[in-house]
Amino acid sequence: MQLLHNGQAVLIGVEDIKPEDLPDNLKVIGCPMTGTEHLPWDYIKAKGIKVISLHGETEFLQEITSTAEHAMGLILALLRNYRPAFFFPYEERNAYTGHTLKGKTLGILGYGRIGKQVERIAEAFQMNVVSFDNAKTPNWTEEFLTDKPLVELVQNSDIVSLHIPLSGNEGFFGKWLFQLMKPTSYFVNTSRLGVVEPGALLWALENKAIAGAAVDFTEDPELREYEKTHDNLILTPHLGGNTFEDREKTLNFIKAKVDAYLKNNS
C-alpha cells in the first residue's frame, strides 16, 4: 500500500487490506487492477471513500497484455513439462517429453479483453481456439448450462483457460465440469481463485480427471501440499499482471486519475 497526498489517497495492489490499515483522512483508493473484491467494501461504503480502478477502462487496457502472456506461459509449462525439467537432478531427456501446442484445442472461458488476447497468442502457435462468453449468460447453474456450448467446449478442449471475473461467478467451475473434461486435458486459471468450487481442482487432480493444472494463486493450502509431491500442478503467486512494464503503466494511469479526483474534489 502506497500513501499519497498526506493520507488522503492510497494505492492498493493485490494485498488484502483491513479498515484499520487505512488512514483516517482517506478520500480515495486507487487500485491498478480490474478486480476489487479484495477491498473492505463495507468500510469503504460507510465512509464514502471513492475507489478508482481499471474496471471499465477498455481503451487503456488493450495495451496491457501481461496476464494473457502469463496464461500462455503456464500452458507451455504444463504441456512441455517445464516444472520437473527446470530443476536438479536432471534426468535423461525422454523423462520430460511433452506435447506440441500446434493442433491442440484451447477452450477459453470468458471472451473479454484477456480472453481475446490469449486467443491471438494461441493462434500464433497454430492452436484451434474455441470460446464461451459468460457476459451473455444470465446464470451459471448446472441445469441452465446442460446442452449449452460451454459443456461442449469443456468436453472437447485439450486446455481449458479461465478468464472470467469473480463477481457473479463464485464457485462457477465445479466438480461436475471437471468430470466433463478429457483425462488428457489441462486446466489453467489466471482469473481468480474463487471462480473454482473449493476442493474441485484438487479432486480432479487426485482422481486423474485431468492431466494437470496451473493456477495463478497460492492461497489454497491443499493445493500447496499437492504441488510439493506432484509435477502436474503449477502454482504462481498472482504473477498475471506482474511485469515491470505493465505495472508502471497501470500505476501511472491510476495515480493520474487519483490526482485529478482530489484536485476536482478538494
Filter segment 37-66 down to the residues that are farther than 30 Å from Arg120 by Cβ and in contact (Cβ under 8 Å) with a residue 60 or more places away in the chain and list them by number.
Lys50
Could you tell me whether segment 109-128 includes any residue that is open to solvent by 60 Å² or more (accessible area, probe 1.4 Å) and of a type in the set (A, V, I, L, M, F, W, C)?
yes
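Here are some residues: Thr190, Thr218. Which one is surrounded by fewer than 20 Cβ atoms within 10 Å (Cβ to Cβ) and either out of contact with any Phe, Trp or Tyr (no Cβ under 7 Å at 6 or more places or on another chain) or not charged (D, E, K, R) (or both)?
Thr218
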For segment 80-111: of the residues being small (Gly, Ala, Ser) and in a loop (DSSP other than H, G, I, E, B), which is nearest to Val215 (Cα to Cα)?
Gly110
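Among Ala85, Ala95, Ala124, Ala68, which is of a type in the set (Gly, Ala, Ser) and under 17 Å from the mean Cα position of the chain (by Cα)?
Sole residue among the options that is of a type in the set (Gly, Ala, Ser) and under 17 Å from the mean Cα position of the chain (by Cα): Ala68.
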Taking segment 35-80 only, how many residues are touching a His at 6+ places or on another chain (Cβ under 9 Å), modelled with pLDDT of 95 or more and not aliphatic (A, V, I, L, M)?
2
When the residues of segment 161-187 are narrowed to those that are among the aromatic types (Phe, Trp, Tyr) and within 27 Å of Gly241 (Cβ to Cβ), which ends up most open to solvent (accessible area, probe 1.4 Å)?
Tyr186
If I filter segment 53-66 for residues that are open to solvent by less than 20 Å² (accessible area, probe 1.4 Å), touching a strand residue (DSSP E or B) at 6+ places or on another chain (Cβ under 7 Å) and not in a strand (DSSP E or B), do I get at least one hit?
no
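The values are calculated or read from the model by the stated rules, or taken from the named source; none is laboratory data. Remember, it's a predicted structure, so these values are computed and weren't measured experimentally. When we count neighbours, we look across all protein chains shown, and the Cβ atoms used for this are built from the backbone with ideal geometry, even at glycine. To get the accessible areas, we keep the full protein, side chains included, count just its heavy atoms, and leave off ligands, DNA and RNA. Shrake-Rupley method; radii C 1.70, N 1.55, O 1.52, S 1.80 Å.
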